[in-house]
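Written out below as structure tokens is the structure these notes cover.
The values are calculated or read from the model by the stated rules, or taken from the named source; none is laboratory data. The structure presented is a predicted model; accordingly, all values stated were derived computationally and were not measured. Glycine gets a Cβ as well: all are built from the backbone with ideal geometry, and neighbour counts include every protein chain shown. The accessibility values were calculated without ligands, DNA or RNA, using every heavy atom of the protein model including side chains. Shrake-Rupley method; radii C 1.70, N 1.55, O 1.52, S 1.80 Å.
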Amino acid sequence: MIEGLEALYMREVKRIYRSIYMWIMIVSQPVMWLVFFGSSLSGLPKEVLISFFHTTNYIAFILPGELSVSMLFVGMFSSMSLIQDKRFGYMKRIFITPVPKYYVFLAKVFGGITRGLLQVPILIGTAVVMGVSLNINLISILTIVLSLTFLGMGFSSLYAIFTIRTSDWQAPGVIANLLNLPLMFSSTALFPRAFFPSWLSDISDVNPITYSAELGREVLLSGDPNWSYLGFLAIFGLIMLILGSYLTNKYMQAE
């Protein structure tokens with residue numbers, strides 16, 4: 001039966017590699033964020049950067065945050081793919097096979113994670129080219145990949161959960177408008193917690209993007225990670241994955 005999950009996952013991977021537009025988005029979107037948004041605060045005095053951002057380069061600060069935010073957006077694409085399969089009748093063909101319903105859900109989630117992880121070498125390479133000094137070694141890279149895997153697992157699952165019972169093309173966009181910006185700006189992906197009012201700081205403390213961004217900075221910049229952050233991300237990702245698998249088996253329909 002596991003072959004069914006593998007086949008569904010490989011279909012998601014092939015869809016990524018065969019789409020030139022997907023590759024344009026995978027490469028261009030995060031790089032433009034890093035280059036343009038990352039350069040927007042390059043004129044800040046070094047004293048301010050050191051005091052609030054704990055680095056002399058804002059691009060170094062934003063890099064782990066952008067890697068984390070990218071996993072938020074891949075969740076939207078996973079839900080869009082799910083709706084596409086419903087609208088084009090692919091889901092009907094899957095449901096008449098012995099493959100469990102939750103395999104479809106897992107394939108979408110793992111496909112979204114794969115799409116997000118493809119951006120890791122692109123963004124890190126761009127940052128190095130832009131002169132950012134990073135602590136790159138086997139442990140730091142494995143930590144980044146593992147934390148982003150759990151984060152992508154959580155958000156891909158969350159988006160898929162919202163679209164399990166709908167075939168409306170507009171649903172992923174509506175959900176993204178409601179979730180993406182609040183989650184991004186209530187985390188420390190772009191700005192340090194010291195800039196936040198107390199109520200926003202409280203939200204940031206339970207935002208998974210904050211934990212991923214902070215862990216990424218610790219392994220890439222200081223080399224002294226707080227491993228409890230990885231534990232938080234693992235709990236978030238696994239809970240959402242289990243919940244999504246259960247709800248998919250119970251409520252997912254072919255159209």
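Using a 10 Å cut-off on Cβ atoms, rank the peptides 236-242, 108-114, 129-135 from the highest mean neighbour count down.
Output ranking for 236-242, 108-114, 129-135: 108-114, 236-242, 129-135.
Using mean Cβ contacts within 10 Å as the protection proxy, how do 90-98, 156-164, 173-181 order, highest first? Write down the numbers at each step before the final one.
On the way: 90-98: 12.3, 156-164: 24.9, 173-181: 14.1.
Top of the packing list down: 156-164, 173-181, 90-98.
Scanning the chain for helices, which whole DSSP H stretches are 20 Å or more long along the axis (Cα) and average -0.5 or more by Kyte-Doolittle? Write out the running numbers ahead of the final one.
Numbers: long enough: 2-18 (24 Å, -0.38); 58-87 (43 Å, 0.88); 101-117 (25 Å, 0.65); 138-163 (37 Å, 1.91); 171-185 (22 Å, 1.44); 227-251 (36 Å, 1.20).
Helices meeting the span and hydropathy rule in the chain are 2-18, 58-87, 101-117, 138-163, 171-185, 227-251.
With the full set of protein chains in place, find how many percent of the accessible area of region 195-255 is carbon and sulfur; take the probe as 1.4 Å. Before the final figure, lay out the partial values.
Numbers: 1980 of 3090 Å².
So the carbon and sulfur contribution to the accessible surface is 64 percent.
Roughly how many Å² of Thr248 are accessible to a 1.4 Å probe, to the nearest 10?
So the heavy atoms of Thr248 present about 0 Å² to solvent.
Compute the distance in nm between two label points, each set 7 Å from the Cα along the Cα-to-Cβ direction, one at Thr97 and one at Leu138.
Going from the Thr97 label point to the Leu138 one covers 3.7 nm.
At 20 °C and 1.002 mPa s, grab the translational diffusion coefficient of the chain from Stokes-Einstein with a Kirkwood Rh over Cα pairs, rounded to a whole number in µm² per second. Present the calculation step by step, with values, prior to reporting the outcome.
Values: Rh = 18.8 Å.
In µm²/s, the coefficient is 114.
At what distance in nm do the modelled label points of Gln170 and Val145 sit from each other, each positioned 7 Å from its Cα along Cα→Cβ?
For the pair Gln170/Val145, the computed spacing is 4.2 nm.
Only Cα pairs under 8 Å and at least 6 apart count here; give the relative contact order of the chain as a rounded whole percent.
Working: 352 pairs, mean separation 73.2, N = 255.
Dividing the mean separation by the residue count of the chain yields 29 percent.
Under the rule of -39500 (n - 2.57) per DSSP H run of 4 or more residues, summed and divided by the residues of the chain, what mean residue ellipticity at 222 nm is obtained, to the nearest 500 deg cm²/dmol? List each step's numbers first, then the result.
Numbers: 11 runs with 177 residues, N = 255.
It comes out at -23000 deg cm²/dmol, rounded to the nearest 500.
Please compute the per residue accessible area over region 1-136 with all protein chains in place, 1.4 Å probe, rounded to a whole number of Å². Mind showing how you got there, number by number?
Details: 6470 Å² over 136 residues.
Value for region 1-136: 48 Å² per residue.
Compute the length gained on full extension between Phe36 and Ile239: take 0.36 nm times their separation in residues and subtract their Cα-Cα distance, giving the result in nm to one decimal. Display every interim value, and only then the final one.
Numbers: separation 203, 0.36 × 203 = 73.08 nm, distance 3.54 nm.
Separation in residues times 0.36 nm, less the Cα-Cα distance, equals 69.5 nm.
Taking all protein chains together and a probe of 1.4 Å, list Trp199, Trp23 from the most accessible to the least accessible.
Details: Trp199 160, Trp23 70 Å².
Ranking Trp199, Trp23 by accessible area, largest first, yields Trp199, Trp23.
Compute the Rg to Rh ratio over region 106-255 from the alpha carbon atoms, using the Kirkwood formula for Rh, and round to two decimal places. Let's see the in-between values first.
On the way: Rg = 16.6 Å, Rh = 16.7 Å.
Taking Rg over the Kirkwood Rh, I get 1.00.
What is the P(r) of region 213-255, as percent of Cα-Cα pairs per 5 Å bin from 0?
The distribution over region 213-255 is 5, 20, 17, 14, 11, 10, 8, 8, 5, 2, given as percents.
Asp205 to Arg193: extension gain in nm, 0.36 nm per residue of separation minus the Cα-Cα distance? Don't skip to the end; give the middle numbers.
Numbers: separation 12, 0.36 × 12 = 4.32 nm, distance 0.92 nm.
The span from Asp205 to Arg193 would gain 3.4 nm if fully extended.
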